[in-house]
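A.B. asks: Structure below; questions to follow.
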Amino acid sequence: MSNADYNPACLPDLLPLYYRRLFPFSQYYRWLSYGGVSKNYFQNREFSFTLKDDIYVRYQSFSTQNELEKEMQKMVPYKIDIGAVYSHRPSQHNAVKSGTFQALEKELVFDIDMTDYDDVRRCCSAADICSKCWTLMTIAILILDRALREDFGFHHLLWVYSGRRGVHCWVCDDAARKLSVAARSAVAEYLSLIKGGEDTVRKVVLSDPIHPFIKCSLSVVERYFPQYAIVEQDILGSKESVDKVLALLPEDILSSPVVAHIKKDLTSFCQKQKNPMERWEELCTLVEHKRSSSKKGGQYFDKEIMLQYCYPRLDVNVSKGVNHLLKSPFSVHPKTGRISVPIDLKELDTFDPFEVPTISLICEELEKLRTDEVEDEDMKDKENEQDAGERRRIRDYKRTSLAKYVKVFDNFLEAMARSRKGEMLKKSDLQADF
């Protein structure tokens with residue numbers, strides 16, 4: 001069965017099986033408990049469920065992994081969102097004195113959606129994506145991951161495919177979870193380079209000298225820009241697209257008679273030259289020649305164009321708010337049926353959103369288990385009924401296409417556990433020295 005065989009009408013039949021036998025509850029609980037970092041940390045976490053027919057249920061909270069499992073299996077959410085850790089249990093927020101129910105902590109999160117790139121991609125628009133424009137998500141992950149690790153010193157970043165047209169980042173370090181709204185805003189603003197709304201044509205303006213963060217980002221963009229933008233998006237392939245690129249030239253060039261000459265020469269050149277790379281080189285040569293003769297600014301025009309076409313476009317409001325909800329890993333996208341899976345950054349360049357398993361595929365893979373295998377293992381399960389359910393679930397997902405993505409999640413959790421252990425050892429050594 002191909003991933004394309006998903007039928008949204010089958011979702012009510014598939015979700016109960018997914019939550020009963022495939023959803024990785026053990027790892028999920030381990031993640032959101034953070035090693036029991038503080039009392040009631042998991043219990044005070046908000047979950048939000050979107051049920052069938054778009055019924056939206058906020059302020060769900062659970063005491064244990066078992067309670068979370070039972071409730072999800074009972075409610076069968078079409079979508080799961082994760083919110084903040086509150087001062088009180090979210091499920092009891094109505095019983096708390098007014099003003100005392102406060103969002104205290106949450107992972108620093110980032111949401112990158114392909115629809116925000118619609119003004120600079122020619123292959124698709126709206127909710128549609130393809131392998132060509134997916135390159136934009138690869139660039140976004142590389143730029144933001146490096147900056148969050150090297151510029152801010154964070155270590156535990158979980159990158160997750162949204163299930164349809166974007167990616168999410170969960171920065172899970174203790175320091176990140178404790179950030180104030182002002183600090184989250186500062187990080188989001190630092191990482192935001194695309195400025196202005198729909199009415200702003202030129203969204204990137206560089207100053208001299210270029211900031212080190214932008215230099216690092218450019219080194220990523222320059223690696224992908226030729227193949228992605230010049231060849232695959234063919235940004236100089238028509239008169240309209242040429243005009244669009246020329247509109248991004250610096251103000252001092254646009255407002256001078258020089259731009260008319262550039263436009264005329266470039267249009268003439270593009271009609272004769274079919275090689276996209278030659279067209280780009282001609283544009284750079286023409287602008288550089290006219291710019292040097294005018295002795296004015298605009299020395300970074302090519303870099304500004306590259307960044308406008310390729311730099312990550314963040315929904316900063318998602319990152320700023322502590323109480324902002326974000327779609328959970330391993331949630332199912334109702335329209336595509338794809339699972340929202342963690343992304344292995346070691347294989348980022350080969351990650352293909354169209355290869356991410358759908359709920360139909362993994363449920364079918366599950367049903368293909370040989371009867372004799374199931375019977376044999378059910379006999380073993382009877383020896384210890386208490387652990388049987390958990391063992392069966394682990395065994396089940398390992399036999400489906402979901403296995404490699406759960407492994408990525410496992411590796412992420414192991415790295416966090418090692419880090420916590422290291423911190424505890426460091427603290428005990430310091431206390432011993434004292």
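A.B. asks: Test of understanding: among Ser180, Ser241, Ser268, Ser256, which residue is farther than 23 Å from Ile143 by Cα, open to solvent by less than 20 Å² (accessible area, probe 1.4 Å) and either among the small types (Gly, Ala, Ser) or without any contact (Cβ under 8 Å) to a residue 12 or more places away in the chain (or both)?
C.D. replies: Ser241
A.B. asks: Follow-up. Exactly one condition in (1) aliphatic (A, V, I, L, M); (2) open to solvent by 50 Å² or more (accessible area, probe 1.4 Å); (3) assigned to a loop (DSSP other than H, G, I, E, B) is not met by Ala175; state its number.
C.D. replies: Exception for Ala175: condition (3).
A.B. asks: If you take the residues in region 3-32 that are surrounded by fewer than 16 Cβ atoms within 10 Å (Cβ to Cβ) and without any contact (Cβ under 8 Å) to a residue 60 or more places away in the chain, which one is farthest from Ala175 (Cα to Cα)?
C.D. replies: Out of the qualifying residues, it is Ala9.
A.B. asks: Considering only region 201-222, I want to know if a residue exists there that is modelled with pLDDT of 95 or more, among the acidic types (Asp, Glu) and within 25 Å of Lys327 (Cβ to Cβ).
C.D. replies: Within region 201-222, none of the residues are modelled with pLDDT of 95 or more, among the acidic types (Asp, Glu) and within 25 Å of Lys327 (Cβ to Cβ).
A.B. asks: For a quick check of your reading of the model, give me the residue pairs whose first member lies in region 405-427 and is of a type in the set (Phe, Trp, Tyr) and at pLDDT below 95, whose second is surrounded by 13 or more Cβ atoms within 10 Å (Cβ to Cβ) and part of a helix (DSSP H, G or I), with beta-carbon atoms closer than 8 Å and at least 6 apart or on different chains.
C.D. replies: Close Cβ pairs satisfying both conditions: none exist.
A.B. asks: Would you confirm whether or not region 385-403 contains a residue that is surrounded by 15 or more Cβ atoms within 10 Å (Cβ to Cβ), in contact with a strand residue (DSSP E or B) (Cβ under 7 Å, 6 or more places away or on another chain) and modelled with pLDDT of 95 or more?
C.D. replies: Checked region 385-403: at least one residue is surrounded by 15 or more Cβ atoms within 10 Å (Cβ to Cβ), in contact with a strand residue (DSSP E or B) (Cβ under 7 Å, 6 or more places away or on another chain) and modelled with pLDDT of 95 or more.
A.B. asks: What is the residue count in region 144-161 for residues that are of a type in the set (A, V, I, L, M) and either assigned to a loop (DSSP other than H, G, I, E, B) or in contact with a Leu (Cβ under 8 Å, 6 or more places away or on another chain) (or both)?
C.D. replies: The qualifying residues number 4.
A.B. asks: Name the helices (runs of 4 or more DSSP H) wholly inside region 205-310 in which the number of residues that are of a type in the set (Lys, Arg) and within 20 Å of Ile194 (Cα to Cα) is 2 or more. Steps first, answer last, please.
C.D. replies: Working: elements: 212-225, 239-246, 251-254, 258-272, 276-294, 301-310.
Filter on region 205-310 gives 212-225.
A.B. asks: Continuing with the same structure: Which one is nearest to Lys132 (Cα to Cα), of the residues in region 191-224 that are small (Gly, Ala, Ser) and open to solvent by less than 30 Å² (accessible area, probe 1.4 Å)?
C.D. replies: Filtering first and then ranking leaves Ser217.
A.B. asks: For region 47-143, please list each of the strands (runs of 3 or more DSSP E) lying entirely inside it that holds at least 2 residues being of a type in the set (Ser, Thr, Tyr) and surrounded by fewer than 19 Cβ atoms within 10 Å (Cβ to Cβ).
C.D. replies: 55-60
Table: residues versus (1) in contact (Cβ under 8 Å) with a residue 24 or more places away in the chain; (2) among the basic types (Lys, Arg); (3) out of contact with any strand residue (DSSP E or B) (no Cβ under 8 Å at 6 or more places or on another chain); (4) open to solvent by 30 Å² or more (accessible area, probe 1.4 Å).
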position	(1), (2), (3), (4)
Gln273	no, no, yes, yes
Glu288	no, no, yes, yes
Arg291	yes, yes, yes, yes
Gln308	yes, no, yes, no
Arg313	yes, yes, no, no
Asn323	yes, no, no, yes
Phe330	yes, no, no, no
Pro342	yes, no, no, no
Asp352	yes, no, yes, yes
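A.B. asks: For region 225-234, name all the residues that are open to solvent by 10 Å² or more (accessible area, probe 1.4 Å) and of a type in the set (Val, Ile, Thr).
C.D. replies: If the condition is that a residue be open to solvent by 10 Å² or more (accessible area, probe 1.4 Å) and of a type in the set (Val, Ile, Thr), then Val231 is the only one that fits.
The values are calculated or read from the model by the stated rules, or taken from the named source; none is laboratory data. Since we're looking at a predicted model, the values are computed, not measured. When we count neighbours, we look across all protein chains shown, and the Cβ atoms used for this are built from the backbone with ideal geometry, even at glycine. Surface accessibility is based on the protein's heavy atoms, side chains included, excluding ligands, DNA and RNA. Shrake-Rupley method; radii C 1.70, N 1.55, O 1.52, S 1.80 Å.
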